[in-house]
Amino acid sequence: MSHTLRRRRRAPWSRAGVLAGGAALVAATVLGVPTASAEEPAPAAGDTVVGELVQAWPEYEHPADAAEHADEKPLTWVETDSGDAVRVPTEDIEDVARAELGARVSVTVGDEVVDEASQSGMEPARELLAATVVAAAPADPAPPVSPAATVTDQVTVVMVVPKGAVSDGRNPTDVVNAVNGTAAAFWSEQSDGAVRIQVTAAAQDLRAPTMAADCSDPYALWNEAAAMAGWTRGPGRHLLLSLPAGAPGCSDGLAEVGSSLTGGGRLYVRGASTSVITHELGHNFGLGHSSELQCDGAVETGTCQVSRYNDWYDVMGYSWDQIGTLNAPQAARLGFLPAGEYAALGAGGATTTYTLVPVSAASGTRAVRLTDGSGKIYWLEYRQASGRDSWLGTGANWPGVQAGVTVRLAAGQPDTSLLLDPTPSASGQWSADRWTALPVGTDVSLAGGTFTVTVVSQDGGGAVVRVSSGRAPVGSLDSAVVSGVALSMSGWALDPDAPATSVPVHVYVDGSGTALLADQRRDDIAAAFPDAGGAHGWTFTTVLAEGTHTVCAYALDVAAGPGTTTLGCRSVTAANRTPLGAVDGLSASGASVSLWGWAFDPDQLSVPVAVHVYVDGRWAGVTADGARPDVGAGFPGAGSAHGFAYSTQVSPGTHQVCVYAIDVDVTSRNTPLGCRSITTP
């Protein structure tokens, strides 16, 4: 047999106290999936169901519960024209080409599938044996406008008591005021008047008798209430059921996620929380959740998780006490961010400095859109304690949400906005990490280095942000070694935007700089970066004064990147050691005087030491580079090429002979090897 079904975006549940958004289409953990009615039995294995896809996201009452279920997928099912529904595994329908929101599909179902949702009280999903798209999603309907051109979205409020619940005696006016007041004002403000919400008339009080349906089947609940109230689906038409606050098995809020801003939709709330109502209407308009992408010690790479609803700034995140400004990706998704209120930069664009006004401002550059080569879109905005976000600077900000420049990634359902953390913590600290603003003066890399964002300054009036489209140089200060007073440094550097080019490297010793070029052969770099080649090594040597010094190396950008990369800084200590040595012998033979010995500089073992010989004050120089295996054995590591010998002719008589070993690094220093007297005939 054949069934007709609809698909909408996933939906969430909401919460009491701090509410985890609303439930878009699916309610709390005990909520059952819509089941086939008695008039139209559930399809048997092998039956074909034709209709539109419906998708929903379960929301949980507390943030801790939401985090525990962060890896779950949204729920997917089909709703027939009569309101019956069949659930199918989400991961299976994701593989069907063109199975977009609103598309008509034909699916062949198999046996029941026991999954986590069914273990939580929902009916089991049905195995998906085959699926095709019959027709693409319809075009967005035109928004309805009342004759007075004042209302785009008409909300019918119906007070009902689901089966098994008890009326709480709530005044219908409270719900009407919440819709016409806070919710209507928010969406009108965020859309600059494009969305105008109003309850059609006084709330219809249908709390007696109790309904036949309960929250285990939200479609049956909506259908029963719609029939009683005379509501029909249409563009810009919303059906809002107000349930008793203690209605068992019901979510705090549940809404269909619409295919467009103008499509209308159904929702229910327990109580009259303005933040929940505002959030659920956002789902009707087609928004998913504002969540956070948290990565282990990184901004957007490595081990990551999506923390559902964890954008505390935004109404589509947690539904809590405050209703902050709609963030840039959500506003852009609905067409609420005109071109004059944001700047745009693509991959390869020139480095640009922007002045952002607070996103809560009515005009000015409220956001910057960054688009990488793959089409991924990032949004920068400035959250300041002003306007709708004034709560950031008051005691009402009890979660400790941070003011400053934030960055978000535009995404698809169910999380149409992902807040990124530019100061990422380790995974063990994710639950307590509320620091999501870009630090002033710190470079933050996005899109694999395609963009580098730096907040130059910020104050109450705005933030100055520099964005470089390009990657910073990479490299390393591999070593900084001091031998005595001789400093030797080495490393490598290259610019990934110009990998074959040898980049400049600047080395600073206590603030005094020397320019080098990283053009020496490094086979290991060639192996690691095949497109770059190996001409990216550098070395630097100098002599230091005795004491402690700071040495730093920097690689300079040669393409359109953000500029300089710090390769490293080290603290080194120079302490000179003078040469070691000895005069082993002094002899006379006729008019000839001869001496021999050894000497080496412990700071420069591979460099032969100069030896100065004075005979009666007359200078002569020799080099200690002769073979002395005994010295090599006595000083392991020093080598054996440290011997010297000297002979000269003298007149008869007594003569003074003095020998000195000269320091290699500081030639003004020496080690006296001794003075002796010798007599010749």
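Tabulated values for the structure
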item	result
Conditions (1) within 27 Å of residue 164 (Cα to Cα); (2) open to solvent by 10 Å² or more (accessible area, probe 1.4 Å); (3) modelled with pLDDT of 90 or more; (4) over 33 Å from the mean Cα position of the chain (by Cα); number of the one not met by residue 272	(3)
Set 630, 584, 603, 665: member being over 27 Å from residue 487 (Cβ atoms) and outside any strand (DSSP E or B)	630
Near pairs, Cβ below 6 angstrom, 6+ apart or cross-chain, from region 519-535 (within 16 Å of residue 505 (Cα to Cα) and open to solvent by 80 Å² or more (accessible area, probe 1.4 Å)) to any residue that is assigned to a loop (DSSP other than H, G, I, E, B) and modelled with pLDDT under 95	521/534
Criterion (farther than 30 Å from residue 45 by Cα, modelled with pLDDT under 85 and open to solvent by less than 60 Å² (accessible area, probe 1.4 Å)) met by exactly one of 141, 124	141
Candidate set from region 403-415 (those that are of a type outside the set (A, V, I, L, M) and modelled with pLDDT of 95 or more); member that is nearest to residue 284 (Cα to Cα)	408
Among residues of region 362-379, those that are touching a residue at least 40 places away in the same chain (Cβ under 8 Å) and part of a strand (DSSP E or B), counted	6
Condition met for residue 302 (free of Cβ contacts under 8 Å to residues at least 12 places away in the same chain and either more than 19 Å from residue 182 (Cβ to Cβ) or open to solvent by 10 Å² or more (accessible area, probe 1.4 Å) (or both))	yes
Test: residue in region 217-224 that is aliphatic (A, V, I, L, M) and at pLDDT 95 or above	no
Evaluation of residue 214 against (1) under 39 Å from the mean Cα position of the chain (by Cα); (2) farther than 25 Å from residue 102 by Cα; (3) of a type in the set (Asp, Glu) (one fails), failing number	(1)
Residue identified as among the hydroxyl-bearing types (Ser, Thr, Tyr) and modelled with pLDDT of 95 or more among 374, 307, 390, 319	390
Near pairs, Cβ below 9 angstrom, 6+ apart or cross-chain, from region 193-216 (over 14 Å from residue 181 (Cα atoms)) to any residue that is outside any strand (DSSP E or B) and of a type in the set (Asp, Glu)	211/224; 212/224; 213/224; 216/123
Residue among 340, 324 that is over 20 Å from the mean Cα position of the chain (by Cα) and open to solvent by less than 20 Å² (accessible area, probe 1.4 Å)	324
Cross-chain or 6+ apart pairs with Cβ under 9 Å, region 603-623 first and modelled with pLDDT of 95 or more, then of a type in the set (A, V, I, L, M) and part of a loop (DSSP other than H, G, I, E, B)	608/664; 609/664; 610/664; 615/650; 616/650
For residue 556: the one exception among (1) closer than 14 Å to residue 474 by Cα; (2) open to solvent by 60 Å² or more (accessible area, probe 1.4 Å); (3) touching a strand residue (DSSP E or B) at 6+ places or on another chain (Cβ under 8 Å)	(2)
Number of positions in region 633-672 that are modelled with pLDDT of 95 or more, touching a Pro at 6+ places or on another chain (Cβ under 9 Å) and of a type in the set (A, V, I, L, M)	4
Conditions (1) hydrophobic (A, V, I, L, M, F, W, C); (2) assigned to a strand (DSSP E or B); (3) over 31 Å from the mean Cα position of the chain (by Cα): number failed by residue 254	(3)
Selected residue (only one of 493, 500, 515 is over 29 Å from residue 671 (Cα atoms), open to solvent by 30 Å² or more (accessible area, probe 1.4 Å) and part of a strand (DSSP E or B))	515
Evaluation of residue 624 against (1) aliphatic (A, V, I, L, M); (2) under 22 Å from residue 486 (Cβ atoms); (3) within 60 Å of the chain's Cα centre (by Cα) (one fails), failing number	(3)
Cross-chain or 6+ apart pairs with Cβ under 7 Å, region 233-257 first and within 22 Å of residue 334 (Cα to Cα) and open to solvent by 10 Å² or more (accessible area, probe 1.4 Å), then outside any strand (DSSP E or B) and polar (S, T, N, Q)	235/262
Tabulated pairs, region 158-187, first more than 12 Å from residue 199 (Cα to Cα) and in a helix (DSSP H, G or I), second open to solvent by 10 Å² or more (accessible area, probe 1.4 Å) and hydroxyl-bearing (Ser, Thr, Tyr), C-beta under 6 angstrom, 6+ apart or interchain	182/274
Listing of strands (runs of 3 or more DSSP E) fully contained in region 418-487 that carry 2 or more residues being modelled with pLDDT of 95 or more and buried (at least 17 other Cβ atoms within 10 Å of the Cβ)	451-459, 462-469, 474-483
Among (1) open to solvent by less than 40 Å² (accessible area, probe 1.4 Å); (2) in contact (Cβ under 8 Å) with a residue 12 or more places away in the chain; (3) out of contact with any Leu (no Cβ under 9 Å at 6 or more places or on another chain), the one test that residue 578 misses	(1)
Considering residues of region 352-371 that are surrounded by fewer than 18 Cβ atoms within 10 Å (Cβ to Cβ) and out of contact with any Asp or Glu (no Cβ under 9 Å at 6 or more places or on another chain) only, the residue farthest from residue 406 (Cα to Cα)	352
Flag if residue 38 is closer than 21 Å to residue 318 by Cβ and modelled with pLDDT under 70	no
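Yes/no per residue for (1) outside any loop (DSSP other than H, G, I, E, B); (2) farther than 18 Å from residue 437 by Cβ; (3) basic (Lys, Arg); (4) in contact with a Gly (Cβ under 9 Å, 6 or more places away or on another chain):
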site: 331; (1), (2), (3), (4): yes, yes, no, no
site: 343; (1), (2), (3), (4): yes, yes, no, no
site: 355; (1), (2), (3), (4): yes, no, no, yes
site: 360; (1), (2), (3), (4): no, no, no, yes
site: 381; (1), (2), (3), (4): yes, no, no, no
site: 390; (1), (2), (3), (4): yes, no, no, no
site: 402; (1), (2), (3), (4): no, no, no, no
site: 407; (1), (2), (3), (4): yes, no, no, no
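The values are calculated or read from the model by the stated rules, or taken from the named source; none is laboratory data. Since the structure is predicted, the reported quantities are computational estimates derived from the model, not experimental observations. Positions of Cβ are generated from backbone atoms using ideal geometry, with glycine treated the same way; all protein chains shown enter the neighbour counts. In case anyone asks, the SASA skips ligands and DNA or RNA and just uses the protein heavy atoms, side chains included. Shrake-Rupley method; radii C 1.70, N 1.55, O 1.52, S 1.80 Å.
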